[in-house]
1. Run VAL43 past the list (1) in contact with a strand residue (DSSP E or B) (Cβ under 8 Å, 6 or more places away or on another chain); (2) aliphatic (A, V, I, L, M); (3) modelled with pLDDT of 95 or more and report the number of the one that doesn't hold.
2. Of all residues in segment 106-132, how many are crowded, with 17+ Cβ neighbours inside 10 Å and assigned to a strand (DSSP E or B)?
3. Take the residues in segment 46-98 that are in a helix (DSSP H, G or I) and of a type in the set (A, V, I, L, M, F, W, C), then tell me which one is surrounded by the most Cβ atoms within 10 Å (Cβ to Cβ).
Amino acid sequence: MTNDTDISRRTALLLGTAGTAVALVGCGTGGADDSGTSDNGPVEITKLADIPVGGSIEASLDGKPILISQPTAGTVVAFSAICTHQGCVVKPVENEFDCPCHGSKFDPTTGEALAGPATTPLATVKVTVTGDAVMAG
């Protein structure tokens, strides 16, 4: 016997899924810049040496997936790894970022959509190089 305050597993799962969807909406999937700031000031994301020149790596910032590229030695750019098409996590593959869900492709130096269905660029994440560290914020 149940009372009105009991929540079924199905209801709890649906509520959890809705909360996840709301959280993803707040991830900044549009082309707007993400400040990459923290309440505690700049945050080290990775070491410059961990990013191959001309390549990219996966990382996270505040628990959100990001992609960091080093197009030329000492120059670093970063983007949200959330696809602007339907929110899948984009991965670095050879010389581009690929969405495994629907095949969108993005430029690793600009975040621009190279092939659809996505048409909006990945959101930029502001990063800087301080010494040998890649910092956000």
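The values are calculated or read from the model by the stated rules, or taken from the named source; none is laboratory data. The model shown is predicted, which means the values in this text are computed figures rather than measured ones. In this analysis, Cβ positions are derived from the backbone assuming ideal geometry, glycine residues included, and neighbour counts consider all displayed protein chains.
1. Of the numbered conditions (1) in contact with a strand residue (DSSP E or B) (Cβ under 8 Å, 6 or more places away or on another chain); (2) aliphatic (A, V, I, L, M); (3) modelled with pLDDT of 95 or more, the odd one out for VAL43 is (3).
2. Adding up the residues that qualify gives 5.
3. LEU48
Residues checked against (1) modelled with pLDDT of 70 or more; (2) touching a Gly at 6+ places or on another chain (Cβ under 8 Å):
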{"position": "ARG10", "(1), (2)": "no, no"}
{"position": "GLY30", "(1), (2)": "no, no"}
{"position": "THR37", "(1), (2)": "no, yes"}
{"position": "LYS64", "(1), (2)": "yes, no"}
{"position": "CYS88", "(1), (2)": "yes, no"}
{"position": "GLU94", "(1), (2)": "yes, no"}
{"position": "HIS102", "(1), (2)": "yes, no"}
{"position": "THR110", "(1), (2)": "yes, no"}
